[in-house]
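Each remark here refers to the structure printed beneath this line.
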Amino acid sequence: MNVHAAALANAHLPDKQTSAFAREAIDDLSREPKRLSPKYFYDAAGSELFEAITRLPEYYPTRAELAILKEKARDIAAFVPKGAALVEFGAGSTTKARLLLKRCAVVAYVPVDISGEFVRAQADGLRMDFPSLAVHPVAADFTAPFRLPEASAEMPKVGFFPGSTIGNFEPHEACRFLRSAAQILGSGARMIIGVDLEKGERVLHDAYNDSAGVTARFNLNVLVRINRELGGNFDLSAFIHRAIYNRERHRIEMHLISRKTQVAGFLGTSFSFRSSETIHTENSYKYSIARFAALAHGSGWKVCESWTDDAKLFSVHALVAEG
Ligand code: AVI
């Protein structure tokens, strides 16, 4: 048994999710350069911090995407077949789905999220506001294959993946997700997807280094979780948030930078940090319209239409499954 496995075996781990978090974090912090997965930002506090980010003056993606969904509502409604089931991959706030549900001839809504409790609560809210809509929540990891509810079997399917969450996938993962979505939705499927656009560095820098420090707290939340859930001893004041634009790779990178030489750890495993050493916590890829179309095409989808806001900050694409 290696040192990591021994640490895990000796620890009191309440559930499978916690032990997966521990195993992954130990693995990722043992790498050079160190990293942590962005999926661990999103506990209840992290999800609230993300909601706060979407309201920041510097964070343009949410406002720009909402503007597109409102302004192009007629074109989007024309793209959605009558009697369709709208399948949302990952369910955040339902604001964007509600815009589509109000204007499109959708008869069923299938929100899919790893948190069953969250997705069922959302479903209840939607049933109240859209009494004639069939709502079928699915608790599943939407990046892996899952079955759609039987009730939607005969309906045309339209996937919905807003927020540029696809930008948090590595390009090969984005391709795998798009292929898997095509399979899940079935032949003739359509998809509406929000993708953040490449733009000047200043706007990107400010969106991910906001003056109120909310993104910094969001980034540090992964260490807060390690301390609370895995008994870690990270000194939060000894790490600073930094987001930089990597122009060659078309992505914003978020890092936690060690302010000094230090040792910190959890579950009996310690990690040494040099002064200025970074933990790479997130990538947020930005696409041009052409590069996204190429990605979609290589992943089994054809782009029918691409809409942007006036300032060309964000894009929403209408895709049709090929073949
Ligand atoms: C969820 N995702 C699309 C956000 C983004 O912009 O990449 C997450 C985020 N990270 C920092 N700010 C927001």
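No lab work stands behind these numbers, since they all come straight from the coordinates. The structure displayed is predicted, hence computed values, not measured ones. For neighbour counting, all protein chains shown are included, and Cβ atoms are generated from backbone atoms with ideal geometry for every residue, glycine included.
Figures for the structure shown
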read-out: Exposure rule at most 15 other beta-carbon atoms within 10 Å, DSSP loop GluC sites (Glu not before Pro): the chain longest free segment; value: 1-153
read-out: Euclidean distance between Cα centres, segment 199-260 to segment 268-323, Å; value: 19
read-out: DSSP bridge pairs, the chain: antiparallel proportion in percent, nearest 5; value: 60
read-out: Full-stretch length increase - ALA134, VAL203 - with 0.36 nm per residue and alpha-carbon distance subtracted; value: 20.8 nm
